[in-house]
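Worksheet for the structure shown next.
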Amino acid sequence: VFKIEVLMSGRKHFVEKRYSEFHALHKKLKKFIRTPEMPSKHVRNWVPKVLEQRRQGLELYLQTVILENEELPKIFLDFLNVRHVPTLPKAESCG
């Protein structure tokens, strides 16, 4: 199980999931939005350094999905256990 932290709309969200759950999410997301590459499914050894690199890769994956897509599908929000995404106020134009 990997504990992942992502920042969305100024709030930190934590999720603890197995790699297989991230992979299943990726397969679903590809149908609806642009997705980055997933970290490799195969790990040659289970030493802490390698596992930490995979955790960081999964964290980067989720953060990239958030940054590259204006609207996030419900399946993604459900994966993060996010009920409501607060929208940041748009800057008002002067004049």
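Each value in this text was obtained by applying a stated rule to the coordinates, not by laboratory testing. The structure presented is a predicted model; accordingly, all values stated were derived computationally and were not measured.
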Degrees, to the nearest 10: 19-29 long Cα axis against longest axis of the chain: 40
For Cα Rg over 2.2 N^0.38 Å, calculated from these coordinates, the label among (i) 1.22; (ii) 1.45; (iii) 1.09: (i)
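Distance check, please: which entries in Lys17/Lys74; Lys41/Lys74; Lys12/Lys49; Lys17/Lys41; Lys3/Lys74 exceed 19 angstrom between their Cα atoms?
Lys41/Lys74; Lys12/Lys49; Lys3/Lys74
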The helix 48-68 Cα axis meets the longest alpha-carbon principal axis of the chain at an angle in degrees, between 0 and 90 and rounded to 10, of 30
